[in-house]
Amino acid sequence: MVAAALSLTRSGLRDWIFQRISAVILGLYVLVLLGFFITHSPLTYDQWKAFFHTASMEIFSLMALLSLIVHSWIGVWTVITDYLKPLYLRASAQVLLIAGLALFFAWGLRIIL
Amino acid sequence: MNKRPINLALTTIHFPLPAIISILHRISGVIIFFAIPILLWMLQASLSSASGFYTLQHCMESVTMRFIVWGILSALLYHVVAGVRHLLMDAGFFGSLAAIRLSSKISLIIAIIMILIAGVWIW
């Protein structure tokens, strides 16, 4: 279907599954970060940098970044298709969404690595 | 032609709680999406250098920044709580209408408590 051309997987069921896998990863990531901030207050730069650049944290951050892109692509795509009806408006919003996500992904990679 | 009764008494119709939970989940998701650049910018500043980190810490003392961060954190906490409820529903929990309503109430209460704690923590 043309309407689904700009969705992440072009399959409702696959979108549904991806949304849940990415949700679990993001939920755990938020939990770990909040847990760190709560147990390390007041935080110093050295503590923060050391924590963020451990190998396991870098891998976890990359997983969370990828999940964030997947999760917001599916989520915002759904919101756009629900509320923006005229085709040109909807298509422009979705193109902007994808461009924005590409920017966030590249920016996030630069920060994490 | 259509003789069906119409109820447009706006003071008596309202969304059921599960519908409110659902639309807030959506709204909080969109807020988080627009907050991504702010969060990335903060993350970048905090990791760039010691002076970048302490400048950001200093910025966090302003009331405006605290409100922004609390707002983003509130959307995030709500989204996670409503998301966990959603995943539990996918897994087959809260099968009855009563359980759906009760789980809506409980997740709203948990989210409000977490948002208040976050507010106290930030200030």
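The values are calculated or read from the model by the stated rules, or taken from the named source; none is laboratory data. Note that the structure is a prediction, hence the values are computed from the model and not measured. Methodologically, a virtual Cβ is constructed for each residue, glycine included, from the backbone with ideal geometry; neighbour enumeration extends over all protein chains shown. Ligands, DNA and RNA are stripped out before the accessible areas are found, and what is left, the full protein with its side chains, is counted by its heavy atoms. Shrake-Rupley method; radii C 1.70, N 1.55, O 1.52, S 1.80 Å.
Take the residues of the range B:10-31 that are open to solvent by less than 40 Å² (accessible area, probe 1.4 Å) and touching a Gly at 6+ places or on another chain (Cβ under 9 Å): which is farthest from the other protein chains (Cβ to nearest Cβ)? Break it down stepwise before answering.
From the range B:10-31, those open to solvent by less than 40 Å² (accessible area, probe 1.4 Å) are B:18-19, B:21, B:25, B:28-29; that's our starting set.
With touching a Gly at 6+ places or on another chain (Cβ under 9 Å) added as a condition, the list becomes B:25, B:29.
On the way: B:His25: 10, B:Gly29: 5 Å.
This residue is B:His25.
Could you please give the count of residues in the range B:69-81 that are under 14 Å from B:Ile109 (Cα atoms) and open to solvent by 40 Å² or more (accessible area, probe 1.4 Å)? Give the derivation first.
Our first condition is that a residue be under 14 Å from B:Ile109 (Cα atoms); within the range B:69-81, this holds for B:74, B:77-81.
Filter again for open to solvent by 40 Å² or more (accessible area, probe 1.4 Å), leaving B:79-80.
Matching residues across the range B:69-81 total 2.
Give B:Ile13, B:Ile21 a once-over and let me know the one that is free of Cβ contacts under 8 Å to residues at least 12 places away in the same chain, of a type in the set (Val, Ile, Thr) and more than 26 Å from B:Trp123 (Cβ to Cβ).
Exactly one of B:Ile13, B:Ile21 is free of Cβ contacts under 8 Å to residues at least 12 places away in the same chain, of a type in the set (Val, Ile, Thr) and more than 26 Å from B:Trp123 (Cβ to Cβ), namely B:Ile13.
When you go through B:Val120, B:Val84 one by one, which is the residue that is open to solvent by 30 Å² or more (accessible area, probe 1.4 Å), within 10 Å of chain A (Cβ to nearest Cβ), in a helix (DSSP H, G or I) and β-branched (Val, Ile, Thr)? Before the answer, list the steps.
Values: B:Val120 fails: within 10 Å of chain A (Cβ to nearest Cβ).
After applying the criteria, what remains is B:Val84.
Sort out which residues of the range A:87-113 are surrounded by fewer than 13 Cβ atoms within 10 Å (Cβ to Cβ) and either touching a Cys at 6+ places or on another chain (Cβ under 9 Å) or among the hydrophobic types (A, V, I, L, M, F, W, C) (or both), and write them in order of number. Talk me through it step by step, then tell me what you get.
Restricting attention to the range A:87-113, the residues satisfying the condition of being surrounded by fewer than 13 Cβ atoms within 10 Å (Cβ to Cβ) are A:87-89, A:95-96, A:99, A:102, A:106, A:110, A:113.
Result: A:Leu87, A:Leu89, A:Val95, A:Leu96, A:Ala99, A:Ala102, A:Ala106, A:Leu113.
Which of the following residues is assigned to a helix (DSSP H, G or I) and either in contact with a Phe, Trp or Tyr (Cβ under 8 Å, 6 or more places away or on another chain) or β-branched (Val, Ile, Thr) (or both): B:Ser51, B:Ser22, B:Ser46?
Values: B:Ser51 fails: either in contact with a Phe, Trp or Tyr (Cβ under 8 Å, 6 or more places away or on another chain) or β-branched (Val, Ile, Thr) (or both); B:Ser22 fails: either in contact with a Phe, Trp or Tyr (Cβ under 8 Å, 6 or more places away or on another chain) or β-branched (Val, Ile, Thr) (or both).
From the options B:Ser51, B:Ser22, B:Ser46, the qualifying one is B:Ser46.
Considering every residue within the range B:93-100, establish whether at least one is of a type in the set (S, T, N, Q), away from chain A (no Cβ under 12 Å) and part of a helix (DSSP H, G or I). Reasoning before the result, please.
Within the range B:93-100, the first condition is being of a type in the set (S, T, N, Q), and the residues that meet it are B:96.
Then drop every residue that is not away from chain A (no Cβ under 12 Å), which leaves B:96.
With the extra rule that they be part of a helix (DSSP H, G or I), the set shrinks to none.
Within the range B:93-100, not a single residue is of a type in the set (S, T, N, Q), away from chain A (no Cβ under 12 Å) and part of a helix (DSSP H, G or I).
Among A:Leu26, A:Leu33, which is of a type in the set (A, V, I, L, M) and touching a His at 6+ places or on another chain (Cβ under 8 Å)? Steps first, please.
Values: A:Leu33 fails: touching a His at 6+ places or on another chain (Cβ under 8 Å).
Result of the check over A:Leu26, A:Leu33: A:Leu26.
Answer yes or no: is there a residue in the range B:39-55 that is among the β-branched types (Val, Ile, Thr) and within 10 Å of chain A (Cβ to nearest Cβ).
Residues of the range B:39-55 that are among the β-branched types (Val, Ile, Thr), as a first pass: B:55.
So of that shortlist, the ones also within 10 Å of chain A (Cβ to nearest Cβ) come out as none.
No, every residue in the range B:39-55 fails to be among the β-branched types (Val, Ile, Thr) and within 10 Å of chain A (Cβ to nearest Cβ).
Tell me, which residue of the range A:68-96 that is free of Cβ contacts under 8 Å to residues at least 60 places away in the same chain and touching a Leu at 6+ places or on another chain (Cβ under 8 Å) is nearest to A:Phe51 (Cα to Cα)?
Among them, the one singled out is A:Leu68.
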